[in-house]
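Structure first, commentary second.
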């Protein structure tokens, strides 16, 4: 069986997570509070997000969020690739 390059897979997950986070920033900036609530309520199968949506997020907080989601996504990708590679050896 083939193995997965752990660093590349982690990077792919990290970049994907950052892109999704950036997409969320763009969505919230363009559709406003009501549009964001509508979108996330539908995405989360009716969970009411109106009490937790915060529209006045400072730029520095959004930048830290992108970095954090990249790191977490990278770690998820590394874990998946590592577990796959270990399982593929058996």
Residue in the stretch 70-85 that is surrounded by fewer than 16 Cβ atoms within 10 Å (Cβ to Cβ), in contact with a helix residue (DSSP H, G or I) (Cβ under 7 Å, 6 or more places away or on another chain), part of a loop (DSSP other than H, G, I, E, B) and touching a residue at least 12 places away in the same chain (Cβ under 8 Å) present
no
When every residue in the stretch 21-41 that is under 23 Å from residue 74 (Cα atoms) and without any contact (Cβ under 8 Å) to a residue 24 or more places away in the chain is compared, the one farthest from the chain's Cα centre (by Cα) is 26
Give the residues of the stretch 5-41 that are surrounded by 17 or more Cβ atoms within 10 Å (Cβ to Cβ) and in contact with a helix residue (DSSP H, G or I) (Cβ under 8 Å, 6 or more places away or on another chain), sorted by residue number.
9, 10, 13, 14, 17, 18, 21, 28, 36
Could you tell me how many of the residues in the stretch 42-62 are part of a helix (DSSP H, G or I) and either in contact with a helix residue (DSSP H, G or I) (Cβ under 9 Å, 6 or more places away or on another chain) or under 30 Å from residue 4 (Cβ atoms) (or both)?
2
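Read the figures in this text as sums done on the coordinates, not as results from a lab. Please read these numbers as outputs of a predicted model, since none were measured by experiment. With ideal geometry, Cβ positions are generated from the backbone for all residues, glycine too; neighbour counts draw on all protein chains shown.
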